[in-house]
1. Would you confirm whether or not region 106-116 contains a residue that is within 17 Å of Val35 (Cβ to Cβ), in contact (Cβ under 8 Å) with a residue 40 or more places away in the chain, within 14 Å of the ligand (Cβ to nearest atom) and open to solvent by less than 10 Å² (accessible area, probe 1.4 Å)?
2. Every residue in region 40-58 that is over 16 Å from Thr98 (Cβ atoms) and either among the polar types (S, T, N, Q) or part of a helix (DSSP H, G or I) (or both), please.
3. Within region 296-303, does at least one residue satisfy the condition of being away from the ligand (no atom under 13 Å from the Cβ) and modelled with pLDDT under 95?
4. May I ask you to list the residues in region 135-168 that are within 12 Å of the ligand (Cβ to nearest atom), surrounded by fewer than 22 Cβ atoms within 10 Å (Cβ to Cβ) and of a type in the set (Asp, Glu)?
5. Out of the residues in region 285-310 that are among the charged types (D, E, K, R) and outside any loop (DSSP other than H, G, I, E, B), state the one that is nearest to Ala344 (Cα to Cα).
6. Regarding Ala280, is this residue free of Cβ contacts under 8 Å to residues at least 40 places away in the same chain, under 21 Å from Ser167 (Cα atoms) and either small (Gly, Ala, Ser) or not in a loop (DSSP other than H, G, I, E, B) (or both)?
7. Inside region 59-69, can you point out the residues that are open to solvent by 30 Å² or more (accessible area, probe 1.4 Å) and assigned to a strand (DSSP E or B)?
Amino acid sequence: MQSFTYTGQPSRIVFGSGTVGTVGDEVSRLGGNRVLLLAGPRLESLAAVLTAQLGSRVAARFDGAAMHTPLDVTTRAMEMAEAADIDCVVAIGGGSATGLSKALAVRGGYDQIIVPTTYAGSEVTPVLGETVDGVKTTRNSPAILPETVIYDVDLTLDLPAAITLTSSINALAHAVEALYSAQRNPVTDLMALEAVTSITRALPLVMADLRDAEARSALLRAAWLAGTCLGSVGMGLHHKLCHTLGGSFGLPHARTHTVVLPHAMAYNTPAAHDVMERIAEAMGVPDAASGVYDLVARLGGPISLAELGFDAESIPRASELATAKPYPNPRPVTPAGIRELLTAATAGHHPVPGP
Ligand code: NAD
């Protein structure tokens, strides 16, 4: 018998095509009158659409969200929020815009409406990662969870191929680690397996035709499901490593997830055979870790940390940081094991399941 605890996260989800047109109604639903509009990097044109829709309810606009939520950016945006006396944040963009929105909400108690344009999944989690002096720390609080998420598949049709691929693998990583999480439960298992199946089927279709709206909607739905898993259960080795590589070595979030995932899966395979078999079955491949590596390689994604600018000389320090504090993971995390994993990931070798 499997014992478990499950807590549902109270978000309102609006999903479809053209749903960005409902932002104004959703602001009213929350009783918002003075909106701070946040836009992710290079998404000023999408922010302009919302400015036109919300009209005089836009009290201020901040376009400077950055990856890994650096504290100095949050401080500047918070000054703007306070000066404009806002009561609500509307954020459009990927995880960077969502992260900034959460950082403001936890400080100012503002309601949040997130319009995601990538598959990062942060919009449905009560988790905030912030970077101060090169160290990324995370906190978890109900005040961080956005009230409303508006998924509009139309906004994802122009997502470039490279980001589409790496952001989808970022979502896949949430699903994979949820399946072997210490807090796994029947609800997250269902969502995670559905996300694995959908991403594996839809991603090659989207990469062949970036404007395939049906396949795009399957990816976006999977990103929501995988993000919901991330918000419900603890993650393991893979997320810990990516967190270290992003926060302390400045590596790009989604691309790092893409390179590390098959290696983290290979590392955990000896201690989670049953889960890896379910993932392999959902993917329609003989081995889950190899299946992810081959999918990424076939679709032209990054396969080595070296190509992301990570230097092999940093492996000992990264291993030290990633193993400094114990955390639940199917296979015990040892400095030697992590050094080996990072050596293979840095070189881009095909993952070899551990003993
Ligand atoms: P991002 O928000 O920085 O976006 C990546 C790039 O995609 C940007 O250059 C952006 O301009 C571009 N982009 C986004 N949408 C686009 C669109 N529709 N068309 C064209 N270009 C578009 O990165 P991300 O990968 O979405 O998110 C990464 C951040 O999110 C990191 O800071 C990570 O730590 C955080 N994150 C947090 C959680 C959580 O639960 N706390 C979960 C996942 C990610």
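1. So far as region 106-116 goes, yes, one or more of its residues are within 17 Å of Val35 (Cβ to Cβ), in contact (Cβ under 8 Å) with a residue 40 or more places away in the chain, within 14 Å of the ligand (Cβ to nearest atom) and open to solvent by less than 10 Å² (accessible area, probe 1.4 Å).
2. Answer for region 40-58, where residues must be over 16 Å from Thr98 (Cβ atoms) and either among the polar types (S, T, N, Q) or part of a helix (DSSP H, G or I) (or both): Glu44, Ser45, Ala48, Val49, Thr51, Ala52, Gln53, Leu54, Gly55, Ser56, Arg57.
3. Scanning region 296-303 turns up no residue that is away from the ligand (no atom under 13 Å from the Cβ) and modelled with pLDDT under 95.
4. Asp154, Asp158
5. Glu307
6. Yes.
7. Within region 59-69, Ala59, Arg61 qualify.
Every residue, every condition in (1) more than 10 Å from the ligand (Cβ to nearest atom); (2) closer than 23 Å to Ala171 by Cβ; (3) basic (Lys, Arg), yes or no:
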position: Ala65; (1), (2), (3): no, yes, no
position: His68; (1), (2), (3): no, yes, no
position: Arg76; (1), (2), (3): yes, no, yes
position: Glu79; (1), (2), (3): yes, no, no
position: Gly93; (1), (2), (3): no, yes, no
position: Ala97; (1), (2), (3): no, yes, no
position: Leu100; (1), (2), (3): no, yes, no
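The values are calculated or read from the model by the stated rules, or taken from the named source; none is laboratory data. If you're wondering where the values come from, they're calculated on a predicted model, not measured in any experiment. Cβ sites come from the backbone with ideal geometry, for glycine too, and all protein chains shown count toward neighbours. Just so you know, the surface numbers come from the protein's heavy atoms only, side chains and all, with ligands and any DNA or RNA stripped out. Shrake-Rupley method; radii C 1.70, N 1.55, O 1.52, S 1.80 Å.
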